[in-house]
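Readers should treat all values here as calculations from the given coordinates under stated rules, not as data from a laboratory. Everything numeric here is computed off the predicted structure, so don't read it as measured data. Note: ideal-geometry Cβ built from the backbone for every residue, glycine included; neighbour counts use all protein chains shown.
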Amino acid sequence: MPFPSPPRTLAGPRRRSLLVSAAGAALLTGCSSGADDSGTTGGSESAAEHARARAASDSETLLRHYDTVLAAHPTLAPRLHPLRAEVVRHTTAFGGSSATPSATATASPSATASSTSSTAAPETEGDALAGLAAAERGLADRRAKALLDLPGELARLLASVAAAGAAHAYLLTESAK
């Protein structure tokens, strides 16, 4: 009796290894919202504060995007809630407010969608996932470019969050296939 063939393997990293890598990077760099006093001067402090505020704002915008998609497509909740939770952690790490309404709140999906974003989510789940992946990828790219001009700890935090965003984009793209 022949043995059953092994399951189909995909080229490239597996989801589990990407998640472990992103989690490991976050642990190594330490997602902290503490002030960075390591070698900053008066001019770079304001640049660092501006970059931190921008990163928090960007994370809050991304969080609203997740909430809009979750409100429009509640069947995506098992896939998106872990990623959304990470975006909440990123927002908090940059000093932002994570008080954005959750898609799991008792409000109706239409009320949540209208309160979290002025634009409607795409009609299909695939388009919604692709839109989230593009938002994560674009934000990760902008953060990777911005970290070059930042001092120590904030640069490490931004690099960690950018890597996590790239992993999110990959996971969203893979789950859309």
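Given R₀ = 30 Å, what would the calculated FRET efficiency be for His50 paired with Glu174, taking r from the Cβ atoms and rounding to 0.05? Don't skip to the answer; put the middle values down first.
Working: r = 35 Å, r/R0 = 1.15.
Rounded to the nearest 0.05, the efficiency is 0.30.
What order, most packed first, do the peptides 79-85, 147-153 have when packing is the mean number of other Cβ atoms within 10 Å of each residue? Before the final figure, lay out each step's value.
Working: 79-85: 17.9, 147-153: 15.7.
Ranking, from highest mean packing down: 79-85, 147-153.
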